[in-house]
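K.L.:
One structure follows; several queries about it will come next.
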Amino acid sequence: MLEIFNEGVINLSVTGRLLSINHHAVELLGLWDHSDLTSQLISDILPKSEVLDVLSAGKVVKDLVLQYKKRTLLLNTLPISVNGSFDGIVAFISDAETLQRQENKIRRKMNYKADTATYHFGDIVGKSKQTTRAIDKAKKFARSDSNVLILGESGTGKELFAQSIHNESSRANQPFIAVNCAAIPENLLESEFFGYNDGAFTGAKKGGNPGLFELAHNGTVFLDEIGEIPLSMQAKLLRVLQENMVRRLGSPTAIPINVRVISATNVNLIEDVKAGKFRMDLYYRIAVLNLYLPRLSDRRGDMGLLVKMFTAKKYPAFLPVIQDFLNDMLPLLEAHEWHGNIREFENTMERLFAYIETPHQCSRNELLTYLREAIEENNLLLNQVSFENASYQEVIKDIEVSKIKEVLDKTNGNKKEAAKILGISRSTLWRKLNEQVSSK
C-alpha cells in the first residue's frame, strides 16, 4: 500500500519501532543493506543524524529541511491517535532536488508564455568577416556560464544572438525568459522580476505569482534595454545576482535561483556609469563577457544573402526575379547607410515588394526604379524631421521628443498618465525629458 506514494513513507510505533517502510524511504535513507527492517528500533537502523533525532523524538514537524548523507531532504510527520492516545507517527520524506525539479516544471507549465529560445546560430544570416567574427565569439561565450552583455545599435539582432547563445549552452533545455526592461512601468519592475506573495499589494493575484527570475530557474534571463532600469531597481538586481536568491514582494523568505543573465543595450553604459545613471558594480556583474554586434553598414558583404533570405522567407514567388537582377540591386543596397540596420532593411524590402505588381512582369529597370524609390523614402523621413546632417539616432530622438510633447499636451502635463500611454516607465520618461533639456 505504501508503494503508491511518490515519497518515502515510514510508520513508527510509540516506542520508535519500525512498523512499515516503502522502497522510496529505503532508497532516500540508504537502507538497502538491511535485510529485515520491520520491528527494529529506528535508532538501531539509522546513523546518528538530525533525521534520527526528529524521528526518535516522535514530535510533529512540517516541511523541515535537513541534510542527510549528502542529500537535502524534506521531512513531514503526522501523529497517529488511537482512542485519543498518541500511538506513533507516520513520516513522509522527500528528496529536495526532485521536488525542485518538479516545482520548476509546474511553474513553467502554469506560467508559460514564451519561455523558449527559437533561434540558433544557423539562423544568423551572413558570411562577412564582421558577422563571422561575432558568431565565433558568441559560440565561445555559449560554452561559458558567465553573464554576457551584448552591445549594438537597434536592429542589429541582439535577441537573435542571445537566444543562439542560450541554445548552444548547457542550459539549452531549460527556460529562456526575455524581458524588455524599458517596456515595464517602474512601479511594476520589482514584482515582474522577483514575483509577489498573496496580498503583497492591492490587486495582487490570489496565491501570488513567481517572478521572471524564478521562472528562469536553471535557465537564462535576457534583459533587453538594461540601461533603462532605474537606479533603485539596479540595487535590487545587483543583490539578486550576487546572492543568487530572490525574495518575492511580501515574502519573509528568499528563494534560491540558478540563472544566467544575458543583457543587451544600444546605449554606452560606461558613459552612463560616469554620469551616475548606471551602477558600476552592476555593470561589472552583467558585463563579464562583452559581445559587440556590427552595424549593417559595416557588413555590406552580407547584403546579397540577406536579400535572398528575406525574399525566400516572405515572398518566395518573387525569388526568381530577385536572383536574376540581384547583381544590379547590390550597388544601390550597399551604397545606402542603413541607420536602422536590419529593421530598416526589412522595411525597405517590404516596400519594394508592395510596389511590384507581379513578379512575372517586372523588368530590370522597373525593379531598380522601385528599389531606388523604396530606399529614397528612408531618406525623405530623415529630411522631414531633422536637419541635413543629422544622424539616424538624432532623427529618432526628434520624433520621440515630438511624440512625448504631444502626449503630455493631451494629459495636461500628467507624466504618470503620459508614461502609461507611451508604454514606458516614468523613470524613462523623466530621463528623456532631462536629456531634452540638457541638449538645448
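K.L.:
Against the conditions (1) surrounded by fewer than 16 Cβ atoms within 10 Å (Cβ to Cβ); (2) farther than 24 Å from K139 by Cβ; (3) of a type in the set (G, A, S), where does S170 fall short? Just the number, please.
P.N.:
So the condition that S170 fails would be (2).
K.L.:
Follow-up. Among the residues of the range 51-62, count how many are surrounded by 14 or more Cβ atoms within 10 Å (Cβ to Cβ) and assigned to a helix (DSSP H, G or I).
P.N.:
Count: 5.
K.L.:
Output the residue which, of all residues in the range 40-50 that are closer than 23 Å to E3 by Cβ and touching a helix residue (DSSP H, G or I) at 6+ places or on another chain (Cβ under 7 Å), is surrounded by the fewest Cβ atoms within 10 Å (Cβ to Cβ).
P.N.:
Residue satisfying both the conditions and the ranking: L46.
K.L.:
Would you confirm, using the coordinates I've provided, whether A264 is out of contact with any Pro (no Cβ under 8 Å at 6 or more places or on another chain) and buried (at least 17 other Cβ atoms within 10 Å of the Cβ)?
P.N.:
Answer is yes for this residue.
K.L.:
Over 48 Å from the mean Cα position of the chain (by Cα) and under 19 Å from L78 (Cα atoms), is that true of S56?
P.N.:
For S56, the condition - over 48 Å from the mean Cα position of the chain (by Cα) and under 19 Å from L78 (Cα atoms) - is not met.
K.L.:
Can you confirm whether R248 is in contact with a helix residue (DSSP H, G or I) (Cβ under 8 Å, 6 or more places away or on another chain), farther than 19 Å from E159 by Cα and touching a residue at least 24 places away in the same chain (Cβ under 8 Å)?
P.N.:
yes
K.L.:
Filter the range 300-330 for residues that are in contact (Cβ under 8 Å) with a residue 24 or more places away in the chain and basic (K, R); which is farthest from Q130 (Cα to Cα)?
P.N.:
Ranking the candidates gives K314 first.
K.L.:
Only residues that are among the small types (G, A, S), surrounded by 12 or more Cβ atoms within 10 Å (Cβ to Cβ) and out of contact with any Leu (no Cβ under 7 Å at 6 or more places or on another chain): list them for the range 324-381, please.
P.N.:
Listed by number, the list holds a single entry, G340.
K.L.:
A further question on this structure: Can you tell which of E376, E357, E350 is at pLDDT 90 or above, among the acidic types (D, E) and assigned by TED's automatic domain parsing to the domain that holds M329?
P.N.:
E350
K.L.:
Name every residue in the range 15-39 that is at negative phi, surrounded by 14 or more Cβ atoms within 10 Å (Cβ to Cβ) and assigned to a loop (DSSP other than H, G, I, E, B), in order of residue number.
P.N.:
N22, L31, H34, L37
K.L.:
State yes or no: is R101 at pLDDT below 75 and surrounded by 14 or more Cβ atoms within 10 Å (Cβ to Cβ)?
P.N.:
So R101 does not fit the description; no.
K.L.:
With D224, D136 as the choices, which residue is touching a residue at least 24 places away in the same chain (Cβ under 8 Å) and acidic (D, E)?
P.N.:
D224
K.L.:
Right, here's the next one. If the requirement is being assigned to a helix (DSSP H, G or I) and touching an Asp or Glu at 6+ places or on another chain (Cβ under 7 Å), which of these qualifies: A178, A182?
P.N.:
That would be A182, the only listed residue that is assigned to a helix (DSSP H, G or I) and touching an Asp or Glu at 6+ places or on another chain (Cβ under 7 Å).
K.L.:
Could I ask something else about it? Within the range 126-168, work out how many residues are more than 22 Å from V240 (Cα to Cα), assigned to a loop (DSSP other than H, G, I, E, B) and small (G, A, S).
P.N.:
Result for the range 126-168: 6.
K.L.:
Let me ask something else. Does L66 satisfy being assigned by TED's automatic domain parsing to the domain that holds L46 and either within 18 Å of the chain's Cα centre (by Cα) or modelled with pLDDT under 90 (or both)?
P.N.:
Spelling it out, L66 is indeed assigned by TED's automatic domain parsing to the domain that holds L46 and either within 18 Å of the chain's Cα centre (by Cα) or modelled with pLDDT under 90 (or both).
K.L.:
Inspect the range 250-265 for any residue being part of a loop (DSSP other than H, G, I, E, B), under 22 Å from S425 (Cβ atoms) and not assigned by TED's automatic domain parsing to the domain that holds R431 and give the result as yes or no.
P.N.:
Among the residues of the range 250-265, at least one is part of a loop (DSSP other than H, G, I, E, B), under 22 Å from S425 (Cβ atoms) and not assigned by TED's automatic domain parsing to the domain that holds R431, which makes the answer yes.
K.L.:
Same structure, new question: Give me a count of the residues in the range 43-53 that are among the hydrophobic types (A, V, I, L, M, F, W, C) and touching a strand residue (DSSP E or B) at 6+ places or on another chain (Cβ under 6 Å).
P.N.:
The total comes to 1.
K.L.:
If I80 passes every condition in (1) in contact with a Phe, Trp or Tyr (Cβ under 8 Å, 6 or more places away or on another chain); (2) closer than 30 Å to I255 by Cα but one, which one does it miss?
P.N.:
Here I80 clears every test but (2).
K.L.:
Here is a follow-up. Starting from the range 35-49, keep only residues that are in the same structural domain as I21 (by TED's automatic domain parsing) and without any contact (Cβ under 8 Å) to a residue 60 or more places away in the chain, then list their pairs with residues that are part of a helix (DSSP H, G or I) and surrounded by 13 or more Cβ atoms within 10 Å (Cβ to Cβ) whose Cβ atoms are within a distance under 6 Å, requiring at least 6 positions of separation or different chains.
P.N.:
From residues that are in the same structural domain as I21 (by TED's automatic domain parsing) and without any contact (Cβ under 8 Å) to a residue 60 or more places away in the chain, the pairs are I42/L55; S43/S56; L46/L52.
The values are calculated or read from the model by the stated rules, or taken from the named source; none is laboratory data. These figures come from a predicted structure and were not determined experimentally. No Cβ is skipped: glycine too gets one built from the backbone with ideal geometry, and neighbour counts run over all protein chains shown.
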